[in-house]
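The structure appears right after this line, and notes come after that.
The values are calculated or read from the model by the stated rules, or taken from the named source; none is laboratory data. Here the structure is a predicted model, which is why all the values come from computation and not from measurement. All Cβ positions, glycine included, derive from the backbone under ideal geometry; neighbour counts span all protein chains shown.
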Amino acid sequence: MALVILAALFGAALFLLFKAFVRWRVALVPAIVVNYLVACLLGLAYSQPWAVDDISLLWAPSALQGGLFIVLFWLIGLAAQRVGIAATTVASKMSLALTVVLTVTIFGETPSALAWGGIALAVVGVSFSSWGGSMRTASGWWLLPVIFLASAFSDVLLDAAQRTRVGPATEAVFPTMIFGFAGLFGVAWLAFRKDRKALLDRRTWAGGALLGAVNYGSIHFLVMALSGSGLPASLVFSLLNVGVILVGTGAAMVLFQERLHAVQWAGLACSLTALGLIVASTA
């Protein structure tokens with residue numbers, strides 16, 4: 001459970017940093033590229049992939065996940081600017097429903113009735129807690145279903161790789177390789193963008209480095225939670241998303257003086273109830 005809590009704390013910090021980037025005037029795409037390069041360096045310092053005998057099974061899923069990561073980060077940032085943060089958060093967090101359904105279907109997990117109740121309440125809680133007002137009609141509305149599908153696919157791919165290709169010796173290496181591929185793809189992409197000039201701004205490097213450290217922690221603890229928590233993946237993802245909402249909302253109220261609508265308070269109540277049901281189902 002401690003691993004899930006740590007993954008949720010780092011996951012919530014990612015959303016808070018994206019919001020802080022607006023205040024700090026940090027260029028989004030250059031900072032995302034820096035973030036993945038820093039995350040890769042942290043991984044290399046911690047995991048030492050050159051000391052592992054065989055990492056051949058990790059190349060394909062790492063490349064696929066790395067490309068998906070950088071595109072998903074960019075889509076979330078772009079959607080937040082065009083359609084609003086609330087609607088974007090709904091799209092990314094509501095992927096929990098599809099993630100759980102796919103995980104249960106593909107891997108044959110059988111959550112108890114209590115756990116299913118918690119999962120259902122988690123979906124409701126995530127949706128309500130993320131809702132911050134009416135969605136603005138804008139040209140970027142199509143980004144929301146893309147984010148929904150990409151987030152769920154990313155979670156399921158991560159779980160599948162952990163089940164079939166990641167062993168105890170490569171558990172820490174896998175996130176490092178993902179970040180390395182994301183960084184390579186990002187550098188190639190940034191070379192064709194005009195905002196690459198933002199790399200000359202120290203705010204890009206400071207913000208990107210901080211985002212990279214938090215990003216590495218979020219994936220590192222998620223991979224460890226999937227393999228070492230003893231919980232089915234469907235429950236891990238449910239606990240993680242509920243935890244991100246609870247921690248993120250509380251931190252946003254304190255750090256950014258955000259105020260919640262009645263429906264958001266209802267969502268938090270659902271999330272807390274879901275948390276209790278899921279924890280009870282694992283007892």
Quiz item: Out of 152, 87, which single residue is at pLDDT below 75 and either under 18 Å from the mean Cα position of the chain (by Cα) or crowded, with 16+ Cβ neighbours inside 10 Å (or both)?
Solution: 87
Exercise. Taking residue 259 as the residue in question, decide whether it is in a helix (DSSP H, G or I), within 26 Å of residue 22 (Cβ to Cβ) and of a type in the set (Lys, Arg).
Key: no
Quiz item: Name the residues in region 1-41 that are closer than 21 Å to residue 196 by Cα, of a type in the set (Val, Ile, Thr) and either outside any helix (DSSP H, G or I) or touching a residue at least 24 places away in the same chain (Cβ under 8 Å) (or both), would you?
Solution: 26, 29, 32, 33, 34, 38
Self-check item: Qualifying positions in region 227-256 - touching a Phe, Trp or Tyr at 6+ places or on another chain (Cβ under 9 Å) and at pLDDT 85 or above
Solution: none
Exercise. Answer with yes or no whether residue 268 is surrounded by 16 or more Cβ atoms within 10 Å (Cβ to Cβ), at pLDDT below 75 and within 20 Å of the chain's Cα centre (by Cα).
Key: no
Quiz item: Can you tell me which residue in region 20-66 is modelled with the highest pLDDT, limited to those that are surrounded by fewer than 17 Cβ atoms within 10 Å (Cβ to Cβ) and within 19 Å of the chain's Cα centre (by Cα)?
Solution: 64
